[in-house]
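Reading through the structure tokens given below for one structure.
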């Protein structure tokens, strides 16, 4: 009996110790993340231009937002960028991870460092570098095309509304391939090597092993990577701001940049707060919807 009381007291002490250790981080998180969300919702109920005068308008900002075609166009741009980045970032990361896990690959540690390095660079720096690469007059791409006699293919890449979403997605894909590669490779290391050895004895090719063995066994990690990719690209700002500032026209405008311009250029702080809340809701719905769509078939397979 005494022993059980000691065990209970010990568990209680451990529990309170964990709570005390986590409390500072929880308070900081609440102050930095949770409080601003409620503050933004509060401000979204007002017509406010940044001065002392604030007039309560209720949900009028949200009704205006529902009819704001510019905002929904920027939301569509976010969706297209997200689709391209999910395919590019996670797809290429999976291919690289499979190659680096192969026995024939040499200097694996160097390849991993080189692949991960772009994700450590500031997004603003990446935006500037790729802006110069796509420059019509002295950009690397057009210079290479002219050097090999393909002058007709040289283009003002950042001034073409038809392809601008694809162009601004390329730096995003390039920068974060290594980030998702680390997640996928960590999942691959948990797979028992004997499974691959048996498949190799049975005559399975490298592509078959990757698609039929690796892919199903790391699906949980791929889902996590996909959720992170969607959440990250729904709030993309830096690259677009540096490379195009939403142009040409509004063809590369994204939601975060639209909120920035509404806040600091148009001085519509109340309406911008409503836009911020809308971005949060849309992002949660998109992430939750994709998770449900992906998890439902997996659960049926497991059952």
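Please treat every number below as a calculation from the coordinates, not as lab data. On a predicted model such as this, the values are computed, not experimentally measured, just so you know. Ideal geometry is used to build each Cβ from the backbone, glycine not excepted, and the neighbour counts take in all protein chains shown.
Side notes on the structure shown:
- For the chain, built as a Gaussian network whose Cα springs stay under 10 Å, the top-fluctuating residue of 99, 153, 27: 27
- Estimated inter-spin distance, residue 102 and residue 121, nm [label 7 Å along Cα→Cβ]: 2.6 nm
- Over the chain, the pair-distance histogram of Cα-Cα distances with 10 Å bins from zero comes to 5, 19, 24, 24, 17, 8, 2, 1, 0 percent, rounded to whole numbers.
- Of 72, 157, 16, the one that fluctuates the most in a GNM where the chain has Cα springs shorter than 10 Å: 16
- Within the listed set 236, 218, 28, the residue fluctuating most in the Gaussian network model of the chain (springs between alpha-carbon atoms under 10 angstrom) is 28.
- Cα→Cβ-extended label distance, 7 Å offset, between residue 166 and residue 70, nm: 2.8 nm
- Spacing of the two label points (7 Å from each Cα toward its C-beta) at residue 113 and residue 47, in nm: 6.0 nm
- Distance from segment 191-236 to segment 22-37 (C-alpha centre basis), Å: 35 Å
- Sequence-distant contacts, meaning Cα pairs under 8 Å at least 6 residues apart, place the relative contact order of the chain at 29 percent.
- Förster radius 30 Å - calculated FRET efficiency between residue 143 and residue 266, Cβ distance, rounded to 0.05: 0.20
- Computed over segment 208-303, the alpha-carbon pair-distance distribution with 5 angstrom bins reads 2, 11, 16, 17, 15, 10, 9, 8, 6, 3, 1, 0, each value a whole percent.
- Segment 172-303: relative contact order as a whole-number percent, Cα under 8 Å and 6+ apart: 20 percent
- Where only DSSP H runs of four or more residues are counted, the chain gives -21500 deg cm²/dmol as its mean residue ellipticity at 222 nm, each run worth -39500 (n - 2.57).
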